[in-house]
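Just so you know, all these numbers are worked out from the coordinates, no wet-lab data involved. Owing to the predicted nature of the structure, the values given are computational and were not obtained by experimental measurement. Note: ideal-geometry Cβ built from the backbone for every residue, glycine included; neighbour counts use all protein chains shown.
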Amino acid sequence: MSIMIKQAVILAAGEGQRLRPFTVSKPKAMLAIAGRPIIDYVIEAVVKNGINDVVLVLGYHKEQVLDWLSINEPSGLEITCVTQANQLGSAHALAQVEPYVKDDFLVLPGDKLIEASTIAQFIHADPQAVMAKRVDNPSRYGVLTIEKDLLKVITEKPRDPSSNIINTSVYAFNKKVFDFIRPELDIPDVLNKMVSRGIAISTHETQGVWLDVVYPWDILNLNGVVLRHLSTSLGGQVEALVAIKGQVNIGKGTIIHSNSYLAGPLTIGENCDIGPNVCLMAATSIGDNVSISPFTEITNSIISNDVIIGSGCTIQDSVIDQGCNIKGHLTAFSGDAEVEINGEHHRVNLGAILGEGCTLDYGVVAHPGVILGNNSQVRAMKLINGHLPDRSLVL
Amino acid sequence: MLNCLGHLEYRGYDSCGIAVSNSSIQVYKDAVRVAELKKAIPPFEGSLGIGHTRWATHGKPSRTNAHPHVGCQNEITVVHNGIINNFLPLKQKLIEEGHAFSSETDSEVIPHLIEKYYAGDLEKAVERALADVKGSYAIIVMGYGENALIAARKDSPLIIALGDHENYLASDVPAILDYSSRVIYLEDGDIATVTADNVSFRNGGKSAKRTEHKVHWSVEEARKSGYEHYMLKEIHEQPNVIRDTIGNWLLDGEPLEDLKRMSEGGMETLLILACGTSYHAAMVGKYIVQELLGLPVRAELASEFNYYGRILPETLAIAITQSGETADVLLAIKKLKDVGCRVVAITNVIGSRVSRLADRTIITRAGPEISVAATKSFIAQLMVIYWLMMHYARVEPKRQAELVLQLRQMASRVAQVLDKESEIAGLATYFAKYDDIFFIGRGINYPVALEGALKLKEISYIHAEGFAAGELKHGPFALLGPNKPVIGIVTNDATHQAMLTNIREVKARGSPLATLVSEGDDSTDTLADFVITVPQVDPLFSPVVNTVVLQLLAYHIARVRGCPIDFPKNLAKSVTVE
């Protein structure tokens, strides 16, 4: 634990199938949390730890990452983009960067939310090393079996986990790792192979923030965590008689009309047109260019760019993706729901999940836990329920 | 210097060269692209230099015709952008006086003229020489043994960028963005003396002051950032361009008083002038003005207007030019101003010439556009027109409110089109094998058909034509057949039925057929070989989504055919000559 690692490889090629409809047209790393894509938090974490040489592995809808980078490239840092044409696995992704890495380097997932403190210790680790974390639901992940701080084996998604210490997918490697990568497709398999050939792999537990998004409702949890750190900044124009409580962030060009009530933590993007008489309640993120008409109440939800929300809506624990047009009087109460994703059934407390570009006519009622696919249309006064595919037409 | 020249290649790139002053003046130039010159050039040393990338007007692209040009004594070196109208008599006279010319260019008279008047004071010699010259120019002069560069402009763009103990001169901002963001725009008639630490100006024989501007473009914005071509990058930037353009509308007051008066009076007429892709924006603008303001309006090509355009009793003209330097548009504005017409310019370049000529300038927020094929600047122009006309629309308040909301969602609608890129790329591989492709549209999508054809022809070299669909039977039908595919743009407005009739007629003649339809419109499913759906928007906004589809189609066809997409042969980005 002495020399600091100077280079980071961030893997952001993955799709995130279980996060559909949000990942139909963007990689998981580009999901917006409090108005910023997850990968932005990862890049910020490495930069704050003094790493300014970053290699990004892009694949699935890489243009979304490139477009974002071209507008928001963080300063003081050299970014190299490498393409993984077919997303075969994390080890295959890592194999693509062999020509671009120098001595020791960090490997991080671009789609897990971390903070600078999460890796502050780990960047001093001697390769080869894996960062570990204790979690409540280890069977979602690779569970680590550790002996005297050394890795014995990684067991992927065990039914009966032997411990609650899991693989964070953050690694410290040197070039030696490339001798073991092929023909493996996933990094845990590479590590198991290295262990079996007698190579010591140290484990380092982190106490910092490390949050994964596997299902659409996880986005709301992450949003809540990030908003807790929010500090108030008021751009734009706030008309008279607007009540602002707690930490509220308002972007430039935005107008909040009279008699609106904003209870933080709350972040509102640029050029939004909100109110009069709109209630935005805690742990809500509003993107850029959003319009919200009078008498709408939104609680603990994420509203993406360019969304239009008409008057008289109630929206709780919901995620509404970009460009949706909600004519008015949408009822999306949160409730106990059983949601089916890829054949798995989950009980969650949830409002509505709406994919991008949906149009909902007046008076739609969304059953708790409904997932509406991208570019769907729902006619007036309809009840929507269950998991509806992209381009659904509800008549 | 070579780096800077690389950033200027969008202005022309048939030849290039540089000169560096040290113990002597060394010149290296050739009829090659900057990248090739970079490989071939010997190492030069010195703290003063000039460079040029050329776009032939007088004399073919060749090593001798390339700039910099030098005088007889190899002491006066000049780079020039523009046209010297009286170069023939000047050249004749200089030859009689014993000067020897090596090129066929108009530009070469400048170093010889300066040489003729040079008597120890380079600035004076330049001033005297320019008094003899008629035409347009931006020049930079380097003299042997001098520690200053002398620059001058008239009717051609030139900027100075300020650095730390170093200063730069260039035709346009992207050239120097790597080194400085502090920029001074020269004005017509300015002569500037620039050393490493000092910049001074003279105009009309008197010293002048010029203010410094801060450029907000980042170097990153002027780079390709991971994309194979600038054009694709610029296509993908369009959702953000739209958000930026409409960004400040909420807080904006009165965008254009003239239009307010006109929309209330209703007796005046409006003229929209432009060239190239901007002309297609002007044509779409014509439909928008008719629909929203109900005013009489005409859209004219500036190049035609200059020679044949009768000045009708128009009181307001809108001139659209991406670069702000398009010679034909500038000339037209001068003509209009002479008869007392108010002129509003829509341009992408702050401080460009057009902004000095026009009474009002509205800047599009497209950022620098490097690819010769205009994409995001076109969409930004449309957004400005929508914004202006929407503000003064004389339609039912309910429809106006609905249109404003739709406009606020336009960025997402374009993003939805971009999500279809792989589908469009698949279609491109099919179309790439044809030598002729026709685009048809009606009403507000007729200009989109023209724009689709223009994009395709300029980057893929496929013969492409756009037609008003109703005109097919008046001639173009004779061309149709199995080797002549047609792309039909179907709009959900009054033209829908008529368009379907045209599409059936095309199909009956055996042409392969693709259609662009709104989502949910299945009327062409049984007729067309390919159907591309675009997000549902009001017909008034359909040009935005349809154009983006056609941009992607043109790009991918050109890519399949292996064309140099960003720098097509024979084309330059901003056309600063008539």
Once you charge only the Cβ atoms, +1 for Lys and Arg and -1 for Asp and Glu, what is the size of the charge dipole of chain B about its Cα centre, to the nearest 20 debye?
480 debye
Those lysines that a straight Cα-Cα span of less than 27 Å connects to B:Lys260, excepting residues fewer than 8 apart in one chain
B:Lys286, B:Lys334, B:Lys335, B:Lys337, B:Lys398
What residues qualify as long-range amide H neighbours of A:Ile165, i.e. H under 5 Å apart, gap of 5 or more or another chain, H built at 1.01 Å from N?
A:Leu144
Once Lys and Arg get +1 and Asp and Glu get -1 on their Cβ, which of B:Leu37, A:Ile43, B:Thr193 lies farthest toward the positive end of the dipole of the protein assembly as shown?
B:Leu37
Could you put B:Lys93, B:Lys154 in order, starting from the residue whose Cβ has the fewest other Cβ atoms within 10 Å?
B:Lys93, B:Lys154
Dipole axis of chain B (+1 Lys, Arg; -1 Asp, Glu on Cβ), positive-most option in B:Val27, B:Cys275, B:Ala428:
B:Cys275
Run the quick spin-label model on A:Gln207 and B:Ala131: label points 7 Å from Cα toward the beta carbon, then report their separation in nm to one decimal.
8.3 nm
Using label points projected 7 Å from each Cα along Cα→Cβ, tell me how many nm separate B:Glu254 and A:Ser233, to one decimal.
3.5 nm
List residues of segment B:260-297, by number, whose backbone nitrogen lies under 15 Å from a label position 7 Å along Cα→C-beta of B:His474.
none
Lys and Arg at +1, Asp and Glu at -1: add these up for the other residues within a Cβ distance under 12 Å of B:Asn167 and post the number.
-3
Per 0.36 nm of contour for each residue apart, how much would the distance between B:Asp197 and B:Ile41 grow if the chain were fully extended, relative to their Cα-Cα spacing?
53.3 nm
Test item: Cα-centred dipole of the protein assembly as shown, Lys/Arg +1 and Asp/Glu -1 on Cβ, debye
620 debye
Relative contact order for segment B:416-567: what percent, with Cα pairs under 8 Å and sequence separation of 6 or more?
32 percent
Among B:Lys209, A:Lys112, A:Lys176, rank each residue by its count of other Cβ atoms within 10 Å, from fewest to most, as a rough exposure measure.
B:Lys209, A:Lys176, A:Lys112
Filtered hits (aspartates and glutamates, Cα-Cα < 19 Å from B:Lys38, offset >= 8 within chain) -> B:Glu9, B:Asp14, B:Asp30, B:Asp178
Once Lys and Arg get +1 and Asp and Glu get -1 on their Cβ, which of A:Met30, B:Ala138, B:Phe477 lies farthest toward the positive end of the dipole of the protein assembly as shown?
B:Phe477
When we measure straight from the Cα of A:Lys382, which lysines land under 17 angstrom away, once same-chain ones fewer than 8 places off are left out?
A:Lys327
At 7 Å along the Cα-to-beta-carbon direction for both A:Leu393 and A:Ser311, put a label point, then send me their distance in nm to one decimal.
3.1 nm
Distance from the Cα centre of segment A:202-264 to that of segment A:161-192, in angstrom?
35 Å
Would you mind giving the mean number of other chain beta-carbons within 10 Å of the Cβ of each residue in B:406-415, as a whole number?
6
Sort B:Met1, B:Met499, B:Met262 so that the residue with the fewest other Cβ atoms within 10 Å of its own Cβ comes first and the one with the most comes last.
B:Met1, B:Met262, B:Met499
Average beta-carbon neighbours from other chains, 10 Å sphere, peptide B:232-245
3
At a threshold of 8 angstrom on Cα-Cα distance, excluding pairs fewer than six apart, so keeping six or more, what relative contact order does chain B reach in percent?
11 percent
Report the calculated FRET efficiency for B:Glu104 and B:Ser181 (r = Cβ-Cβ distance, R0 = 45 Å), to the nearest 0.05.
0.70
Between A:Val214 and B:Asp522, what's the calculated FRET efficiency when r is the beta-carbon distance and R0 is 41 Å? Round to 0.05.
0.65
Placing +1 at every Lys and Arg Cβ and -1 at every Asp and Glu Cβ, with all other atoms neutral, what dipole size does segment B:416-567 have around its Cα centre, in debye to the nearest 20?
500 debye
